[in-house]
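Could you have a look at this structure, given as structure tokens, before my questions?
The values are calculated or read from the model by the stated rules, or taken from the named source; none is laboratory data. What you see is a predicted model; the values in this text were computed from it and never measured. Using ideal geometry, Cβ is built from the backbone for each residue, glycine included, and neighbour counts are taken over all protein chains shown. Surface areas here come from the heavy atoms of the whole protein model, side chains and all, with no ligands, DNA or RNA. Shrake-Rupley method; radii C 1.70, N 1.55, O 1.52, S 1.80 Å.
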Amino acid sequence: MSSSTRLNWLKTTTRQRNGASSSATATSKNVPTVYNGGVKDASGRTSEYSSMDDECPVCKSDRYLNPKLRLLVSTCYHKMCESCIDRLFTLGPQGCPICGKILRKMAFAPQTFEDLTVEKEVAVRRRIAKEFNKRREDFADLRSYNDYLEEVEDITFNLINEIDVAETEARIAAFRRENAALIELNIQREERDIQGLQEQEMRERREREEMAEEMRRIAEEERIEREKAKEEIINRLESSDASATDLIAKSRAEAAKRAARRKPLAGLSASSARARLNGTAHSAVQAQDVPHVPLTDTWYACEDKYVLRAEYDDPLSERVRADEQGAMRAGGYMLEQAWERALRTAVMGLNIMPLEDEPASGSARVAGDVEMVG
Amino acid sequence: MDAAERENHAAMKRWSKDAKIGEGTYAVVYRGRQSSTGRQVAIKKIKVGQFKDGLDMSAVREVKYLRELKHPNVIELLDVFSSKQNLNLVLEFLESDLEAVIKDRSNVFKPADIKSWMAMTLRGLEFCHRNFVLHRDLKPNNLLIAADGQLKIADFGLARDFADPGHKMTCQVITRWYRPPELLFGCRFYSTAVDIWSVGCIFAELMLRVPYLAGESDMDQLKTIFRALGTPTEQEWPGHTSLPHYVVVGNFPKSPLQFLFTAASADAIDLLSKFLIYEPRRRISAKDALYHPYMFSLPYPTHPSKLPKASAPMQPRPVHIEETEGQGAALSAKATKRKASEDPFENSKPVSRRLEF
């Protein structure tokens, strides 16, 4: 069970992409089934309604007979199972087996709500909201705005309950013609609003983090100070010969004074945190993203001191080379790397000056010899 | 007191130990400070006493390779000293790891962020490979993030230098989800390409926000890989059928990566597909990947200081989860979930614990 949930992404790839899945049988025919509809959640995934008592109204197959049963909804809001859809609509548009409306295979959508009337209402409302997106600012007074809202509700109601569909569609088309520019503008406004909201959320989160950090710092400081005070008392008791109770009382008073001094500081540091926040925001802007630099270190690997040849006369690796198509090759062992390593270690010590204060003349002479070779 | 002891004592004096931040089967990690400057460090205390045959291999490896590698994208080993029965490694202190950043749902990754992390990972890895070191345990959990946003490769407990021709290496390395198919097929002769596969998996994980190839067992891992990328043919990967543990794992068709990575640019898909080439010798090298057009294309990689960070403080991470018989129960829940590389129980064939060098 856990394996199947973990591997879900493997099986529901298409569902994540199109908001709908196509079963193995559908993909095998190379027909990418594109569904529109279904209700997406925040992450853009379609949640699908299914129950144990699902039964295809067309072929009467149920979840007992076919555990993979998946019911999809047509544009006339009738359910049927995927295999019925495949069977009926693969060869082209056909009449709905329930109401006779001409349907296409592509136009079936997954079901989100148990009640299909809800499903339909959501679909209609979404469609209407896309075009009827005027805002309060677009109207001169509240009265005309309310009239507009009522009209929208009227149209929605008509579409949901299929009253005067033709006339309603004409009204929608007329509205679209009249307000094309405004609709476009409002879509852009909406996008900007969403973006602004996200930015604000981010700012607030940063601020909260900053505050928490500040609080932690203060707590830490206080703790250190307390410990210091304690130590001081002990030291004083040790060194002075005044009475112990006097000394302790004096230290307590000092500590209280210090704490009082810190209080306004705490309030101040909150505001300073904000100032610093702006500062960090500023510095974040300053920390510019720079183009990628492949290698940033300066570690010198002596690459210029040798040239790696394609082939060496190397009796040690005879066995490895003989096994050209065998396990060593398949495992990815690279003989070149071994050769390169041997070469590099060989040239590594070249050109290194002997240590200045090396007393033994012998080692200096050896180093000199090596240098001559290099 | 001889010179070595004096040296060790001086090193011990340089660092002070603080609170414990993590524990693994073979080490405990403490927060620490440099006594002179107050610089924060992490001190990894390796328990020596409990191992019958001396020091644990991963500790040796870690010291051996980190001592040689100094790079902005590789964790820095500042000092090594011993105290009583323990070996202490002083490492750079790093705030969080890439896994925590990926898991933090409040983060939104921009393509530029992913590019920046990939570039840093590849730079660190290229440096290791240039120094002839295979990391062999790359995963988001081992890519640590510094306070300034720099990504650093850590945990060299499974690293080793390139093998000499004809020398066998163990195939029980790399955490399963990031393990390349040649290791799953039990190949004992491999190269830098194994790390590149892991980088590909990490790249995909950065885009998907969930582990890309999450298999439940070694067998299932192969199946998961093939289901995602198609079963390799003899033409695509010559000779793979002759690998020691070769098994037939179903025949899965290939589907374009674009289907899953819908938001990725064409360049990104191209680079990902080159990371995940079946034949190891054709898989892109770290250096070539750094010169891939994806890296140079717009948007420019995000400046490290602006990258998203994990908001929650880092969970105490298991330092190194190497399962040894009877110790499995002691592991934390997280440790068992992201199981590390060596797992003798899972394999069809019992594998001896000896690691050959």
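Does any residue of the stretch B:187-194 turn out to be closer than 18 Å to residue B:302 by Cβ, in contact with a Phe, Trp or Tyr (Cβ under 9 Å, 6 or more places away or on another chain), small (Gly, Ala, Ser) and open to solvent by less than 10 Å² (accessible area, probe 1.4 Å)?
Just the residues of the stretch B:187-194 that are closer than 18 Å to residue B:302 by Cβ, to begin with: none.
No: the stretch B:187-194 contains no residue that is closer than 18 Å to residue B:302 by Cβ, in contact with a Phe, Trp or Tyr (Cβ under 9 Å, 6 or more places away or on another chain), small (Gly, Ala, Ser) and open to solvent by less than 10 Å² (accessible area, probe 1.4 Å).
Considering only residues that are open to solvent by 20 Å² or more (accessible area, probe 1.4 Å) and in contact with a helix residue (DSSP H, G or I) (Cβ under 8 Å, 6 or more places away or on another chain), which ones fall in the stretch A:94-104?
Across the stretch A:94-104, the qualifying residues are A:94, A:97, A:104.
Among the residues of the stretch B:237-263, which ones are hydrophobic (A, V, I, L, M, F, W, C) and open to solvent by 20 Å² or more (accessible area, probe 1.4 Å)? Spell out the reasoning first.
So the first thing to find is which residues in the stretch B:237-263 are hydrophobic (A, V, I, L, M, F, W, C), and the list is B:237, B:243, B:247-249, B:252, B:257, B:259-261, B:263.
B:247, B:248, B:252, B:257, B:259, B:260, B:263, listed by residue number.
Moving to a separate point now. Report those helices (runs of 4 or more DSSP H) wholly inside the stretch A:308-352 carrying at least 1 residues which are open to solvent by less than 30 Å² (accessible area, probe 1.4 Å) and away from chain B (no Cβ under 11 Å).
Values: elements: A:318-322, A:327-331, A:335-347.
By residue number, A:335-347.
I'd like to know if the stretch A:222-242 contains one or more residues that are within 30 Å of residue B:309 (Cβ to Cβ) and in contact (Cβ under 8 Å) with a residue 40 or more places away in the chain.
Yes: one or more hits.
Only one residue in B:11, B:19 is surrounded by fewer than 20 Cβ atoms within 10 Å (Cβ to Cβ), touching a residue at least 12 places away in the same chain (Cβ under 8 Å) and outside any strand (DSSP E or B). Which one?
B:11
Output the qualifying pairs, or none if there are none: Cβ atoms under 9 angstrom, residues six or more apart or on different chains, first residue in the stretch B:224-242 and farther than 21 Å from residue B:176 by Cα and among the charged types (D, E, K, R), second residue open to solvent by less than 10 Å² (accessible area, probe 1.4 Å) and at pLDDT below 90.
Close Cβ pairs satisfying both conditions: B:234/B:240.
When you go through A:201, A:114, A:191 one by one, which is the residue that is closer than 30 Å to residue A:81 by Cβ and open to solvent by 90 Å² or more (accessible area, probe 1.4 Å)? Break it down stepwise before answering.
Details: A:201 fails: closer than 30 Å to residue A:81 by Cβ; A:191 fails: closer than 30 Å to residue A:81 by Cβ.
Residue meeting the stated conditions: A:114.
Name the residues in the stretch B:177-208 that are facing chain A (nearest Cβ under 8 Å), under 23 Å from residue B:242 (Cα atoms) and assigned to a helix (DSSP H, G or I), would you?
B:182, B:193, B:194
While we're looking at this one, here's another question. Checking the structure you have, find out if any residue of the stretch A:34-51 is acidic (Asp, Glu), modelled with pLDDT of 50 or more, under 25 Å from the mean Cα position of the chain (by Cα) and more than 30 Å from residue B:217 (Cβ to Cβ).
Yes, the stretch A:34-51 contains at least one residue that is acidic (Asp, Glu), modelled with pLDDT of 50 or more, under 25 Å from the mean Cα position of the chain (by Cα) and more than 30 Å from residue B:217 (Cβ to Cβ).
Could you tell me which of the residues B:122, B:144 is in the same structural domain as residue B:296 (by TED's automatic domain parsing), in a helix (DSSP H, G or I), touching a residue at least 60 places away in the same chain (Cβ under 8 Å) and buried (at least 24 other Cβ atoms within 10 Å of the Cβ)?
On the way: B:144 fails: in a helix (DSSP H, G or I).
After ruling out the rest, the residue left standing is B:122.
Here are some conditions: (1) more than 39 Å from the chain's Cα centre (by Cα); (2) at pLDDT 75 or above; (3) at the interface with chain B (Cβ under 8 Å from one of its Cβ atoms). Residue A:294 meets all but one. Which one does it not meet?
(1)
While we're here: Could you look through the stretch B:106-119, keep only residues that are in a helix (DSSP H, G or I) and at the interface with another protein chain (Cβ under 9 Å from one of its Cβ atoms), and pick out the one that is farthest from the chain's Cα centre (by Cα)?
Within the stretch B:106-119, the match that is farthest from the chain's Cα centre (by Cα) is B:112.
Also: Which one of A:134, A:120 is in the same structural domain as residue A:173 (by the TED database), at negative phi, buried (at least 16 other Cβ atoms within 10 Å of the Cβ) and not in a helix (DSSP H, G or I)?
Working: A:120 fails: not in a helix (DSSP H, G or I).
Going through A:134, A:120 in turn, just one is in the same structural domain as residue A:173 (by the TED database), at negative phi, buried (at least 16 other Cβ atoms within 10 Å of the Cβ) and not in a helix (DSSP H, G or I): A:134.
When you scan the stretch B:147-172, how many residues do you find that are within 12 Å of the chain's Cα centre (by Cα) and open to solvent by less than 10 Å² (accessible area, probe 1.4 Å)? Write out each step before concluding.
Start the filter on the stretch B:147-172 by keeping residues that are within 12 Å of the chain's Cα centre (by Cα), which leaves B:152-159.
Filter once more, so that each one left must be open to solvent by less than 10 Å² (accessible area, probe 1.4 Å): B:153-154, B:156-159.
Adding up the residues that qualify gives 6.
Would it be correct to say that residue A:65 is more than 25 Å from residue A:118 (Cβ to Cβ) and at pLDDT below 90?
yes
How many residues does the stretch B:209-236 contain that are of a type in the set (Val, Ile, Thr), open to solvent by less than 10 Å² (accessible area, probe 1.4 Å) and within 10 Å of chain A (Cβ to nearest Cβ)?
1
Residue check: is residue A:178 charged (D, E, K, R), more than 29 Å from the chain's Cα centre (by Cα) and surrounded by 10 or more Cβ atoms within 10 Å (Cβ to Cβ)?
Taking the combined requirement at face value, the residue satisfies it.
With the requirement that a residue be touching a Leu at 6+ places or on another chain (Cβ under 9 Å) and crowded, with 19+ Cβ neighbours inside 10 Å, what does the stretch A:60-77 give you?
Those that are touching a Leu at 6+ places or on another chain (Cβ under 9 Å) and crowded, with 19+ Cβ neighbours inside 10 Å: A:73, A:74.
Ok, one more. Considering only the stretch B:230-314, give the helices (runs of 4 or more DSSP H) lying wholly within it that have at least 1 residues that are β-branched (Val, Ile, Thr) and more than 25 Å from residue B:149 (Cβ to Cβ).
Filter on the stretch B:230-314 gives B:266-275.
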